[in-house]
Amino acid sequence: MTTVEEAPAVPMGFGRMTRKEDARFVRGRGNYVDDIVLPGMLHGAVLRASLPHARITRIDTSAAEAHPKVRAVITGSMLEGLNLAWMPSLSHDVVPVLATDKVRFQGQEVAFVVADDRYAARDALELIEVDYEPLPPVIDARQAMAPGAPVIRDDIDGKSDNHIFDWEAGDRASTDAAFAAAEVVVAQDMVYPRVHPAPMETCGAVADMDKVSGKLTMWSTTQAPHAHRTLYALVAGLPEHKIRVVSPDIGGGFGNKVGIYPGYVLAIVGSIVTGKPVKWMEDRSENLMSTSFARDYHMHGEIAATADGKITALRVKVLADHGAFNNTAQPTKFPAGFFHIFTGSYDLQAAHCEVSGVYTNKAPGGVAYACSFRVTEAVYLVERMVDCLADELGMDPAELRMRNLLRPEQFPYTCKTGWVYDSGDYPRALRLAMDIAGYEELRREQAERRQRGELMGIGLSFFTETVGAGPRKHMDILGLGMADGAEVRVHPTGKAVVRLSVQTQGQGHETTFAQIVAEQLGISPQDIDVVHGDTDNTPFGLGTYGSRSTPVSGAAVAVAAQRVRDKARIVASAMLEVAPEDLEWEKGRWFVRGDPSVGAAIGEIAMAAHGSLELPEGVEGHLDAECVYDPPNLTYPFGAYICVVDVDPGTGQVKVRRFVAVDDCGPRINPMIVEGQVHGGLADGVGMALMEVMAFDTEGNHLGGSFMDYLVPTSLECPMFELGETVTPSPHHPLGLKGVGESATVGSPPAVVNAVLDAIGVRHADMPFTPAQVWRSMQGRPLRTDLAVE
Amino acid sequence: MQVTMTVNGRPVHGEIEPRMLLVHFVRDQLGLTGTHWGCDTSNCGTCVLWMDGEPVKSCTVLAAMAHGHEIRTVEDLERDGELDPVQQGFVEQHGLQCGFCTPGMMMTARWLLDHNPHPSEAEIREAISGQICRCTGYANIVRAIQWAAEHPRVEPAAVPEPAAAAGQAAERSGEEVGVR
Ligand code: FES
Ligand code: FES
């Protein structure tokens with residue numbers, strides 16, 4: 001804590017400072033979607049499918065319509081008349097707003113009620129009668145492609161199976177050759193089960209269609225307000241200039257709030273139909289059962305190596321369960337996200353992977369929960385395979401990793417799937433993590449405890465992230481290139497405003513983006529207002545997910561601020577009557593080279609730029625600039641994690657004793673915020689490894705529909721995390737920044753799983769390691785965690 | 001039905017349905033939106049406020065049950081323009097990210113420190129274990145509460161007596177919170 005108190009309260013740029021946004025949050029004055037109240041506002045509620053797969057034979061809404069407080073009841077057939085029953089998904093598919101023909105997962109949207117208050121809206125749902133003809137559900141991804149499996153998507157012309165796509169990366173022939181020549185090969189099946197981001201605030205919206213102006217204002221829980229605006233224009237046929245999307249304070253996103261949910265569209269329809277603002281907020285069960293889940297990757301990995309532990313090749317086959325509609329939110333050309341990075345942090349000769357996507361009778365989604373577009377699954381796969389290999393070779397997993405990590409001189413490194421890792425010193429990060437943990441001492445302690453019959457486990461993971469999507473020529477979402485805009489404006493009195501295309505869900509943008517500008521211009525972060533989350537007041541961009549805010553929008557802000565600085569130089573040269581080339585910059589001030597006493601501070605320059613000062617030919621007044629940043633490459637944060645667990649041999653209960661995390665995300669804008677993000681991601685890893693899973697029974701019933709069933713970690717499961725850092729700037733970002741938001745969620749699950757398996761001496765069993773799963777794994781009978789089957 | 005209760009020192013009354021939850025009464029009728037709602041099953045704790053000096057999950061209390069009782073919400077932590085040490089601790093130690101769990105966490109923390117001014121880490125973790133945070137991993141929430149314990153509010157010499165406090169409440173009733 002002492003270092004904390006020594007730091008200046010507000011740095012003039014990068015460094016620890018408390019968050020500007022906290023002033024409202026700690027007073028209970030945040031403004032979340034459900035806090036918004038408009039005059040005459042009505043409330044919507046969604047009727048959802050009770051069955052996972054069934055034909056709708058009749059819907060009777062007459063009793064609901066007769067309810068005195070009900071203003072509208074909307075069904076799929078009504079939407080069909082408006083050509084709104086289906087909307088485009090984010091992945092070349094369609095998603096029903098309300099079911100018309102069949103329901104395809106439990107919890108799917110069937111009807112929408114608009115009523116005077118939220119209680120009445122829920123009451124009216126009970127009055128809607130729906131007759132279903134049940135159909136056999138497809139719940140097990142491994143059965144989805146079996147001959148004779150029920151066809152879920154019979155709405156697609158000519159569809160006769162549940163196949164969505166096949167995708168591959170790497171080189172098959174060289175990989176097969178490396179395997180044929182390998183001295184050691186280890187193969188392992190593993191499931192990364194379906195989990196859910198479960199932000200504390202559920203999804204919701206307030207839609208207000210002003211009939212007079214024809215303008216729709218849409219307050220909603222969105223991580224991507226601009227992309228949503230464009231999609232509403234495309235889906236609902238509303239003119240884009242008549243749509244304003246506002247993302248107010250958001251109670252956590254983690255990828256859950258990237259997509260457009262039927263409820264948002266229904267709130268809009270409700271407002272159009274009733275002429276009143278309509279609020280729709282889902283409840284927790286709706287959030288868990290119907291909104292974007294994550295993972296559900298069924299993986300078969302093979303790793304090849306020499307007898308002395310040099311890894312030579314990796315081969316992977318994945319079955320990806322995408323649910324009933326292909327609605328994964330990732331760049332369009334990447335059906336398996338960035339799974340390309342499955343070779344991880346290692347120097348291999350060859351690698352190849354294949355991913356096949358299938359439909360099942362489960363909610364759509366798949367890319368969420370801070371996964372960096374499937375990097376989470378890729379890291380889990382490779383870090384588990386390395387541990388399996390260590391087990392096979394009888395080698396220490398740290399030593400095996402050290403032997404195979406990429407070396408600093410190999411960067412920029414082109415991996416076997418063609419991606420260019422920007423920078424890194426991996427062995428240094430691993431060594432630092434081992435030093436913080438006292439690795440060798442821990443192994444000695446483990447050996448001693450084993451003698452006494454105590455189960456202690458040490459788990460490592462080393463991850464390479466790939467974030468900051470992305471270069472426009474490769475990456476778009478529904479045709480929208482993934483570049484982001486920013487505007488920086490210095491007011492006459494030297495205070496500033498920066499307008500962002502991205503939106504915070506807790507990442508602290510109002511502080512860190514002010515710090516980026518402060519670093520460039522020497523204006524205090526306290527004097528810089530950050531405007532974001534409102535499409536009428538910010539430049540276009542694709543939003544906050546995939547750890548892209550700092551790598552993309554942060555770069556846009558940095559470049560815009562640098563342009564302001566360049567313009568300030570010209571203004572200063574006119575003020576001081578010297579050539580611009582004769583001026584030098586020190587933070588906050590241009591001065592005459594060789595005579596530092598003669599200069600102009602940014603505030604003076606701003607006033608002059610707005611005043612009557614005669615400016616050089618072609619230079620306009622005022623002091624502002626814009627940038628649309630198209631990243632030249634992704635950025636590659638990385639880290640080394642070590643988890644220490646104790647397992648109760650009598651009950652199978654796992655206790656996370658220690659969790660060491662060394663992260664390298666390049667320079668840190670605000671170390672306090674970076675550490676907070678890492679903490680959150682480490683807790684996610686504890687959750688996924690030990691308790692979080694959305695399982696289904698064979699009837700297709702969702703078994704994780706509440707926080708009583710879908711368990712997330714509490715204060716009792718999380719230790720005091722021990723953090724370290726190395727700093728390797730990215731050559732592909734103007735400030736060297738790499739992004740960190742999802743690093744720990746990506747890197748932590750395998751560390752915990754490796755620790756548990758190390759403790760119980762089992763090569764592999766699937767997450768989550770509930771006491772039952774640990775116990776069963778110790779007996780050699782691990783559970784299949786994704787299904788309620790033996 | 002009619003309910004009357006004291007909320008943050010002021011008498012309030014409302015016309016409600018008997019089934020209305022306290023969390024909805026406080027948020028929707030009184031406009032005190034600092035208290036949040038995050039689950040259907042009393043598991044998340046974003047709705048924690050005080051009833052008669054004890055933290056309760058207000059999604060588990062009917063507004064009718066609060067009739068005649070005293071409610072305190074996050075909006076009442078700040079006094080005379082000065083943040084409660086718990087609020088300051090959350091700022092200083094980065095105990096919040098999205099801020100959604102924060103009001104509930106702070107109400108529990110205030111109660112803990114009132115009853116145990118020097119809690120151990122384990123006692124802090126136990127106290128907040130019925131509340132979920134998805135952002136912070138709890139480490140900085142624990143530190144925030146520790147910070148507050150180390151920086152207790154220096155009470156002004158004359159602490160208002162209960163009678164005086166009641167007088168104050170009566171004085172304020174002019175600006176009584178109406179039902180929206
Ligand atoms: S709203 Fe979740 S416990 Fe009250
Ligand atoms: S700060 Fe976001 S849930 Fe706790």
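The values are calculated or read from the model by the stated rules, or taken from the named source; none is laboratory data. Everything numeric here is computed off the predicted structure, so don't read it as measured data. Because the Cβ atoms are built from the backbone with ideal geometry, glycine has one as well, and the counts that use them run over all protein chains shown. Please note that ligands, DNA and RNA were not included when accessible areas were found on the heavy atoms of the full protein model with its side chains. Shrake-Rupley method; radii C 1.70, N 1.55, O 1.52, S 1.80 Å.
Rounded to the nearest 0.05, what FRET efficiency do residue A:435 and residue A:474 give with R0 = 25 Å and r taken as the Cβ-Cβ distance? Could you check?
Details: r = 39 Å, r/R0 = 1.55.
After rounding to 0.05, the efficiency reads 0.05.
Could you point to the residue in A:375, A:789, B:73 farthest towards the positive end of the protein assembly as shown's charge dipole, with +1 and -1 charges on the Cβ of Lys/Arg and Asp/Glu respectively?
Comparing the listed Cα positions along the dipole, A:789 ranks first.
What do you get for GluC sites (Glu not before Pro) in the stretch A:526-614 restricted to DSSP loop and a cutoff of at most 14 other Cβ within 10 Å of the site's Cβ?
Working: sites: A:577, A:581, A:584, A:586, A:604, A:614; in loops: A:577, A:614.
Hits after loop and neighbour filter: A:577, A:614.
Around residue A:408, what is the net charge, scoring Lys/Arg as +1 and Asp/Glu as -1 over all other residues with Cβ under 9 Å from its Cβ? All intermediate terms of the calculation are to be shown ahead of the outcome.
Details: positive: A:407, A:428; negative: A:409, A:425.
Once positives and negatives cancel, what remains is 0.
Once label points are set 7 Å from the Cα along Cα→Cβ at both residue A:37 and residue A:447, what is their separation, rounded to one decimal in nm?
For the pair residue A:37/residue A:447, the computed spacing is 6.8 nm.
Please identify the helices of chain A, taking whole runs of DSSP H, that span at least 15 Å along their own axis as judged from the Cα atoms and have a mean Kyte-Doolittle score of 0.5 or higher. All intermediate terms of the calculation are to be shown ahead of the outcome.
Details: long enough: A:225-236 (16 Å, 0.22); A:262-274 (18 Å, 1.69); A:375-393 (27 Å, 0.64); A:426-437 (17 Å, 0.33); A:439-451 (18 Å, -2.67); A:509-521 (17 Å, 0.02); A:555-576 (31 Å, 0.74); A:671-690 (28 Å, 0.74); A:743-760 (27 Å, 1.08).
The qualifying helices are A:262-274, A:375-393, A:555-576, A:671-690, A:743-760.
If you wrap chain B's Cα atoms in a convex hull and average its projection over all directions, what's the area in nm²?
Working: hull surface 41.5 nm².
Taking a quarter of the hull surface, the average projection is 10.4 nm².
Where both residues lie in chain A, what percent of DSSP beta bridges are antiparallel, nearest 5? Write down the numbers at each step before the final one.
Numbers: 107 of 135 bridges.
Antiparallel: roughly 80 percent of the beta bridges in chain A.
Could you pull out the pairs from A:257/B:57; A:333/A:567; A:587/A:738 whose alpha carbons sit more than 32 Å apart here? All intermediate terms of the calculation are to be shown ahead of the outcome.
Numbers: A:257/B:57 26 Å; A:333/A:567 39 Å; A:587/A:738 23 Å.
Over 32 Å apart, Cα to Cα: A:333/A:567.
Just from its helices, what would the mean residue ellipticity at 222 nm be for the protein assembly as shown, if runs of 4 or more DSSP H residues each count -39500 (n - 2.57) and the sum is divided by every residue, rounded to the nearest 500 deg cm²/dmol? If you can, show how the numbers build up before the last one.
Working: 25 runs with 268 residues, N = 970.
Value at 222 nm, helices only: -8500 deg cm²/dmol.
Check residue A:455: other-chain or 5+ apart residues with amide H under 5 Å from its amide H, H built from backbone geometry?
Hits under the 5 Å cutoff: A:647.
Taking each pair of distinct Cα atoms in the stretch A:326-460 once, what is the resulting Kirkwood hydrodynamic radius in Å? Kindly include the intermediate steps, with their values, before the conclusion.
Working: mean 1/r = 0.0575 Å⁻¹.
When all Cα pairs of the stretch A:326-460 are included, the Kirkwood radius is 17.4 Å.
For residue A:300 and residue A:122, what is the calculated FRET efficiency with R₀ set at 35 Å and r taken between the beta-carbons, to the nearest 0.05? Provide the component values of the computation, followed by the final result.
Details: r = 45 Å, r/R0 = 1.28.
Computed FRET efficiency for residue A:300 and residue A:122 comes out at 0.20.
Can you give the Rg to Rh ratio of the stretch B:85-150, both from alpha-carbon atoms, with Rh computed by the Kirkwood formula?
Working: Rg = 10.1 Å, Rh = 11.2 Å.
Taking Rh as the inverse mean 1/r over Cα pairs, Rg/Rh reads 0.90.
What is the set of long-range amide H partners of residue A:484 at a cut-off below 5 Å, with H atoms built 1.01 Å from backbone N?
HN-HN under 5 Å from residue A:484: A:629.
If the chain between residue A:651 and residue A:392 were fully stretched, how many nm would it gain, using 0.36 nm times the residue separation less the Cα-Cα distance? All intermediate terms of the calculation are to be shown ahead of the outcome.
Working: separation 259, 0.36 × 259 = 93.24 nm, distance 2.76 nm.
90.5 nm is the gain from fully extending residue A:651 to residue A:392.
Let me know the charge dipole size of the protein assembly as shown about its Cα centre in debye, to the nearest 20, where only the beta-carbon of Lys, Arg (+1) and Asp, Glu (-1) is charged. Show your work: numbers first, answer last.
On the way: 83 positive and 126 negative charges, 181 e Å.
The calculated dipole for the protein assembly as shown is roughly 860 debye.
Between beta-carbons, use under 11 Å as the cut-off and find the net charge around residue B:77, counting Lys and Arg +1, Asp and Glu -1.
On the way: positive: A:27, B:72, B:79, B:110, B:153; negative: B:75, B:76, B:78, B:82, B:84.
Charge balance in the 11 Å sphere: 0.
Longer than 24 Å from Cα to Cα, which of A:310/A:416; A:159/A:362; A:20/A:279 are they? Say none if no pair is.
Details: A:310/A:416 16 Å; A:159/A:362 18 Å; A:20/A:279 29 Å.
Pairs exceeding the cut-off: A:20/A:279.
Counting only heavy atoms of protein chains, what accessible area per residue, in Å², does the stretch A:387-450 have with a probe of 1.4 Å?
Roughly 44 Å² per residue, with all protein chains present.
In a Gaussian network model over chain B where Cα atoms closer than 10 Å are linked, find which of B:21, B:32, B:83 has the largest mean-square fluctuation.
B:83
Say each of residue A:168 and residue B:80 gets a label point 7 Å from the Cα, pointing the same way as Cα to Cβ; how far apart are those two points in nm?
Result for the modelled spin labels: 7.6 nm.
Could you derive backbone 3J(HN,Hα) for the stretch B:31-43 from the dihedral phi with the Karplus parameters 6.51, -1.76 and 1.60 (θ = phi - 60°), listing whole Hz in sequence and x where the residue is Gly or Pro?
Once rounded to whole Hz, the list reads x, 8, 8, x, 7, 10, 9, x, 7, 10, 10, 6, 9.
What aspartates and glutamates does residue A:215 reach when the alpha-carbon gap must be under 18 Å and sequence neighbours fewer than 8 apart in one chain are set aside?
Leaving aside aspartates and glutamates fewer than 8 places away in the same chain, those within reach of residue A:215 are A:240, A:534, A:536.
Report, ordered by chain and residue number, the lysines lying within cross-link reach of residue A:211, taken as a straight Cα distance under 16 Å and ignoring same-chain residues fewer than 8 apart.
Straight-line reach from residue A:211, under 16 Å: A:242, A:276.
Calculate the translational D of chain A in whole µm² s⁻¹ from Stokes-Einstein, where the hydrodynamic radius comes from the Kirkwood formula applied to all Cα pairs, the temperature is 25 °C and the viscosity 0.890 mPa s.
Numbers: Rh = 27.6 Å.
Once the numbers are plugged in, D ends up at 89 µm²/s.
Please sort by residue number the chymotrypsin sites (Phe, Trp or Tyr not before Pro) in the stretch A:206-268 whose DSSP state is loop and whose Cβ has at most 12 other Cβ atoms within 10 Å.
none
Please turn the phi angles of the stretch A:333-345 into ³J(HN,Hα) values with the Karplus equation 6.51 cos²θ - 1.76 cosθ + 1.60 (θ = phi - 60°), one per residue in order, whole Hz, x for glycine and proline.
Once θ is set to phi - 60°, the couplings for the stretch A:333-345 become 7, 10, x, 10, x, 9, 4, 3, 8, 5, 6, x, 9 Hz.
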